[in-house]
Amino acid sequence: MATRRNEFDQPVGSAVEGWSPRGLPPRSAIDGRYCRLEPLDMRHAADLYEAYSSAADGRDWTYLSTGPYAAFQDYRGWLEHAATLNDPLHHAIIDLGTGKAVGTLALMRIDRANGAIEVGHVAYSPRVKRTPAGTEAQFLLMRRAFDELGYRRYEWKCDSLNAASRAAALRYGFRFEGIFRQAVVYKGRSRDTAWFSILDSEWPAIKHGFEQWLDPRNFDASGVQRRKLADLIKR
């Protein structure tokens, strides 16, 4: 595609016709096949603390800005505040098989004017890790951002040393954009931040890959995937 130029013969970006600021994500549930996302509420506190407490140790909290929580009251205090926020807008992941909350994630850094939004505060308990529900939760928020609200850019950021988070971003179809050095101070240490994104032009192929992966026919009788999500997205 030829580069656009203005009246001064300077290269400029592609035109965005009829653009207007995007809406705020609504405080409403999103239903899926394996899970339901609900705006975080105090009623989720006991289930979530129990789910997180099923982990053998506190390593899942190393790269999060909060936790681990030694007592239920500590976690309840965090959740009570988090549930009131609109940015980040935290969601509880409800496992439809058990009806229990098993993890959380949030839409955040909501830039309505430019149509950019980030998924973050991803805190998965052992009960949702490596499950269809865990992957579907990501898909449901992407679908809300792109299909419902019309955002142009969907971001994922993490500590550059968090290998698991970086691998997850690539699995979900995000593209690596680079490292912001010394971007954050948290838990008494410095963080270089790895940036990833999905653009609205890339979303249709990624959406199709998710839909194929989440199809029950993609899993054998033991629940093992037949085809990998990353492979389906590439196709």
Matching option when the condition is more than 30 Å from residue 215 (Cβ to Cβ), within 18 Å of the chain's Cα centre (by Cα), at pLDDT 95 or above and not acidic (Asp, Glu), among 34, 63: 63
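Select, from 157, 207, the only residue that is part of a helix (DSSP H, G or I), surrounded by 13 or more Cβ atoms within 10 Å (Cβ to Cβ) and either out of contact with any helix residue (DSSP H, G or I) (no Cβ under 6 Å at 6 or more places or on another chain) or of a type in the set (Asp, Glu) (or both).
Values: 157 fails: part of a helix (DSSP H, G or I).
Of the residues listed, the single one that is part of a helix (DSSP H, G or I), surrounded by 13 or more Cβ atoms within 10 Å (Cβ to Cβ) and either out of contact with any helix residue (DSSP H, G or I) (no Cβ under 6 Å at 6 or more places or on another chain) or of a type in the set (Asp, Glu) (or both) is 207.
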Residue set 199, 161, 170; condition at pLDDT 95 or above and either under 25 Å from residue 112 (Cβ atoms) or of a type in the set (Lys, Arg) (or both); output residue 199
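Are any residues in segment 32-56 under 16 Å from residue 105 (Cβ atoms) and either assigned to a helix (DSSP H, G or I) or of a type in the set (Asp, Glu) (or both), and if so, which ones?
38, 41, 44, 47, 48, 51, 52
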Spot the failing condition for residue 71; the list is (1) surrounded by 13 or more Cβ atoms within 10 Å (Cβ to Cβ); (2) of a type in the set (A, V, I, L, M); (3) within 27 Å of residue 186 (Cα to Cα); (4) free of Cβ contacts under 8 Å to residues at least 40 places away in the same chain, and only one is missed. (1)
Residues satisfying the stated conditions in segment 106-132, i.e. of a type in the set (Ser, Thr, Tyr) and in a loop (DSSP other than H, G, I, E, B): 125, 131
Of the residues in segment 96-117, those that are farther than 15 Å from residue 29 by Cα, among the aliphatic types (A, V, I, L, M) and in contact with a strand residue (DSSP E or B) (Cβ under 6 Å, 6 or more places away or on another chain) come to 102, 108, 110, 116, 117
Examine segment 78-101 for a residue that is hydroxyl-bearing (Ser, Thr, Tyr), surrounded by 23 or more Cβ atoms within 10 Å (Cβ to Cβ) and modelled with pLDDT of 95 or more, and state whether such a residue exists. no
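Inside segment 219-233, can you point out the residues that are closer than 21 Å to residue 167 by Cα and either in contact with a Cys (Cβ under 9 Å, 6 or more places away or on another chain) or not in a strand (DSSP E or B) (or both)? Walk me through it before giving the result.
Taking segment 219-233 and keeping what is closer than 21 Å to residue 167 by Cα, we get 224-233.
Residues satisfying the conditions are 224, 226, 227, 228, 229, 230, 231, 232, 233.
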Qualifying residue in segment 59-67 (condition: more than 17 Å from residue 122 (Cβ to Cβ), surrounded by fewer than 13 Cβ atoms within 10 Å (Cβ to Cβ) and not polar (S, T, N, Q)): no
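The values are calculated or read from the model by the stated rules, or taken from the named source; none is laboratory data. The structure displayed is predicted, hence computed values, not measured ones. Ideal geometry is used to build each Cβ from the backbone, glycine not excepted, and the neighbour counts take in all protein chains shown.
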